[in-house]
Each structure stands twice: as structure tokens, then as C-alpha cells.
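Report on the structure given below.
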Amino acid sequence: QVQLVESGGGLVQAGGSLRLSCVASGRTFRSYGMGWFRQAPGKEREFVAAITRSGGSTDYADFVKGRFTISRDNAKNTVYLQMNNLEPEDTAVYYCAACSANWGRRSADFGSWGQGTQVTVSS
């Protein structure tokens, strides 16, 4: 398993931007598909974005397409989530996750999770 630590969350006004980072431990980061999920209070955790091992392919939930961008730097063991044009509905704890397969979309596909970082968007 890989250890994951997220950072970059915070409070931002609607229309603003944040960039989340997730650093992975170990030398096998490039062997994992990576994803971002989020969980708002009183709601189930939901898929946000995923990226394949090489970074060559990405996938997004419909509600973030065109606003969020997932990327990775395998040399730095880091995956990013650039979030633009944030909306109050984006308020949630955001989690980074690692998938032993090349790519996944379901929570069950991901075996390692970070502790989460809070994103709060004010109106």
C-alpha cells in the first residue's frame, strides 16, 4: 500500500480557485492509478476525477468537467487537482486515493486513501 497526504484545501469565495496536492510515499507511485473523491456533510463520498498511471488519460465526474483538472508528476510522487470557478456546492472534504489498477471510478477500486483536506467555498 501507499501512504497519501493531501494539502491545499482552504476557504475561498465562489468563483475562486484552489489547487490540491497529494504526495505519495514509496517508489511505486507510478504503478498506481490515482483519483480524487469528495464527501460533503450528510452526503456519501463521490467520485471527482481520476488519472491513469502514466497520466495519459483522465476521467471526470460530470459536475466538474471544464472546471477541475487532474494531473500527476511521477517524478515528484504527486497528484494534483486544480479547481477553478468553485461553487458553494463544491464544499466538502477532498480525498486522494490510489488504485492498484490503471484506472478506477468507484471507491471500492481504490485501496489507499489520504486523510482528506477541507475545501470550503463561500457564496
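The values are calculated or read from the model by the stated rules, or taken from the named source; none is laboratory data. None of these values were measured; they are calculated from a predicted model. So basically every Cβ, Gly included, is an ideal-geometry build from the backbone, and we count neighbours across all protein chains shown. In case anyone asks, the SASA skips ligands and DNA or RNA and just uses the protein heavy atoms, side chains included. Shrake-Rupley method; radii C 1.70, N 1.55, O 1.52, S 1.80 Å.
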Between A40 and A101, what FRET efficiency follows from the Cβ-Cβ distance if R0 is 35 Å, with the result rounded to 0.05?
0.85
Spin-label point model (7 Å from Cα, Cβ direction): what's the S71 to N85 distance in nm?
1.9 nm
Tell me, what % of the accessible area of the chain is carbon and sulfur with a 1.4 angstrom probe?
46 percent
If the rule is a partner Cβ under 4.7 Å, which cysteines in the chain fail it?
C99
What ratio of Cα Rg to 2.2 N^0.38 Å holds for region 44-111?
1.09
Measuring with a 1.4 Å probe in the full set of protein chains, what accessible area per residue, in whole Å², belongs to the chain?
50 Å²
For region 1-75 and region 93-123, write down the distance between their C-alpha centroids in whole Å.
6 Å
Fully extended contour minus Cα-Cα distance, from Q118 to S57, at 0.36 nm per residue
19.3 nm
